[in-house]
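Below is one structure, written out as structure tokens; comments come after it.
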Amino acid sequence: MQDEFVFDSLYSISSGVVQWRSPSNIALIKYWGKKPVQIPSNSSLSFSLSKCFTSTKVSFKKNNKKGINYQFFFDGKKKPRFENKLDYFFEKISKYCPYLLKVEMVIESSNSFPHSSGIASSASAFSALSLCIMEIEKLLNPKLEKPFFFRKASFLSRLGSGSACRSIIEKFSVWGKTDLISNSSDFFALPFNLKIHNSFNDLCDTILIVDKSEKEFSSTKGHELMNSHIFGDARIRQAKSNLSLIIEAFESGNYELFIKVVETEALTLHAMMMTSNPYFILMKPNTLKIINSVWEFRIKENSKLCFTLDAGANVHLIYPKSEQDSVQRFILEVLSCYCENGKFINDMIGTGPFKL
Ligand code: DP6
């Protein structure tokens, strides 16, 4: 129990409406493996996106019913499918936010990106909801300070979905205790506070939609398999070393090193899936075709284009803004034919969540 995050109020507010928008994020150093409760096996590093986000509105009013009472609507429709995850989330956070037990809530959420695009929405969804909850807390405790507001929002988001805690932070974010970054924590994410060379301040991320169907294997299950994974300890050591290497690349502007770390992390994530027990494969043939084409393009064009992967078949192309035109041409001429219905989403490093 993290006592600093417990807040109970003698007062209650009869009703109100709060609204936040929060982005998705893409990890460069991957979080894969955790211990209870949502403690990552290694530190991860990501950047927040701009155009892929969730907008959430919570309308609440006083009520005397037992437990947490809420209704959830996604794109205006009830989604009972999401309720298990939400129930579990509220169960975990109610000791930190007991004021939620005194209200009933209507939660209305929508995503900027198409629902069936294979893009994970749990990071943006849980971070937007947690920011709304903190907004309610702020109404009860107007003295609450900004750094604490975001720290607790990240803490709550983590309890919904690990990667969600990084979405609270603008640009680069680190989650997981490490000696390499002061004040880093397993309980919430913090802004990456070391030097970042200019070359990395305008990173673009184009998401190539290789497969828009729902994941056959949940990330949560994948994390669980890391606990008995034959390469589990080696993976933790590798993640530590890769974090240190990416810090070096950020500081010096060494793009070659950056590419090596980012692609190693993506391929290791999927190698862990392919070597767990039971094993599984989330990449599709077109994922590999894209990866090979990226490698060819990089050599031929002397480009800084590289790729990363999430827990799915889609490919994230990472490149500096200066290469936007040539990469867009490459996508249209070569890569879009590997995407489902030719679909891709152009995004870039973002400015973090904001209140609506
Ligand atoms: C592959 O955050 O979705 O995207 O904590 O179980 O909700 P839960 O898992 P989740 O895992 C995401 C893993 C990843 C890598 C990353 O974002 O770091």
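Other residues within the sphere of radius under 12 Å centred on the Cβ of ARG158, judged by their own Cβ, net out at +4 (K and R +1, D and E -1).
According to the calculation over all Cα-Cα pairs in the range 99-152, the P(r) per 10 Å bin from zero is 19, 43, 28, 9, 0 %.
Once the Cα gyration tensor of the chain is found, what semi-axes does its equivalent ellipsoid get, as square roots of 5 times the eigenvalues, in whole Å, sorted largest first?
Semi-axis lengths for the chain are 35, 22, 20 Å.
Rounded if a/c is under 1.5, else prolate if a/b is larger than b/c, else oblate: which is the range 185-235, with a ≥ b ≥ c the root eigenvalues of its Cα gyration tensor? Judged from the Cα gyration tensor, the range 185-235 comes out oblate (a/c at least 1.5, b/c at or above a/b). Using the Karplus relation 6.51 cos²θ - 1.76 cosθ + 1.60 with θ = phi - 60°, the per-residue 3J(HN,Hα) values for the range 334-340 come to 10, 7, 4, 6, 8, 9, 5 Hz, with x marking Gly and Pro. The H on the amide N of ASN42, modeled in the peptide plane, is under 5 Å from the matching H of TRP32, each at least 5 residues off or on a different chain.
With both labels modelled 7 Å from their Cα along Cα-to-Cβ, the LEU332 to LYS146 distance reads 4.1 nm.
Placing a label point 7 Å from the Cα of LYS85 along the Cα-to-Cβ direction, the residues of the range 161-177 with a backbone N closer than 15 Å are 161-167. At q = 0.17, 0.18, 0.25 Å⁻¹, what log₁₀ I(q)/I(0) does the range 70-129 have when each alpha carbon counts as one equal point scatterer in the Debye sum? Here the Debye-derived log intensity ratios amount to -0.62, -0.69, -1.23.
With each label modelled as a point 7 angstrom along the Cα→C-beta vector, the GLN71-HIS115 pair spans 1.7 nm.
Grab the beta carbon distance between LYS61 and PHE280, set R0 = 35 Å, and tell me the FRET efficiency rounded to 0.05. Mind dumping the intermediate values first?
On the way: r = 45 Å, r/R0 = 1.28.
Step by step, r from the Cβ atoms, then E = 0.20.
Both radii were evaluated on the Cα set of the range 1-144; the Rg over Rh quotient, with Rh as the Kirkwood radius, amounts to 0.97. Solvent exposure of ASP325, expressed as accessible area, is near 110 Å², computed with a probe of 1.4 Å over the protein chains only.
State the extension gain, in nm to one decimal, for the chain segment bounded by ILE299 and GLN324, taking 0.36 nm per residue of separation less the distance between their alpha-carbons. Mind showing how you got there, number by number?
Details: separation 25, 0.36 × 25 = 9.00 nm, distance 1.68 nm.
Extra length from ILE299 to GLN324 when fully extended: 7.3 nm.
Each other residue within a Cβ distance under 9 Å of ASN63 adds +1 if Lys or Arg and -1 if Asp or Glu, for a net charge of +3.
Within the set LYS138/LYS171; LYS171/LYS343; LYS195/LYS343; LYS30/LYS92; LYS221/LYS355; LYS57/LYS240, which residue pairs have Cα atoms separated by over 28 Å? Beyond 28 Å: LYS195/LYS343; LYS221/LYS355; LYS57/LYS240.
Measuring with a 1.4 angstrom probe and ignoring ligands and nucleic acids, TYR88 comes out at about 130 Å² accessible.
Which of rounded, prolate or oblate describes the range 1-51 when judged by the alpha-carbon gyration tensor and an a/c cut-off of 1.5? Oblate. With a 1.4 Å probe and all protein chains left in place, how much of the accessible area of the range 198-304 comes from carbon and sulfur atoms, in whole percent? Taking all protein chains in place, the range 198-304 shows 53 percent carbon and sulfur surface.
Between beta-carbons, use under 13 Å as the cut-off and find the net charge around SER185, counting Lys and Arg +1, Asp and Glu -1.
Spelling it out: positives minus negatives among the neighbours equals +2.
Between LYS289 and SER14, the modelled labels are 6.3 nm apart [label points 7 Å from Cα along Cα→Cβ]. Over the range 276-325, the Kirkwood radius and the radius of gyration, each from Cα atoms, give a ratio Rg/Rh of 1.08.
The values are calculated or read from the model by the stated rules, or taken from the named source; none is laboratory data. None of these values were measured; they are calculated from a predicted model. Glycine also receives a Cβ, built like all others from the backbone with ideal geometry; neighbour counts cover every protein chain displayed. In case anyone asks, the SASA skips ligands and DNA or RNA and just uses the protein heavy atoms, side chains included. Shrake-Rupley method; radii C 1.70, N 1.55, O 1.52, S 1.80 Å.
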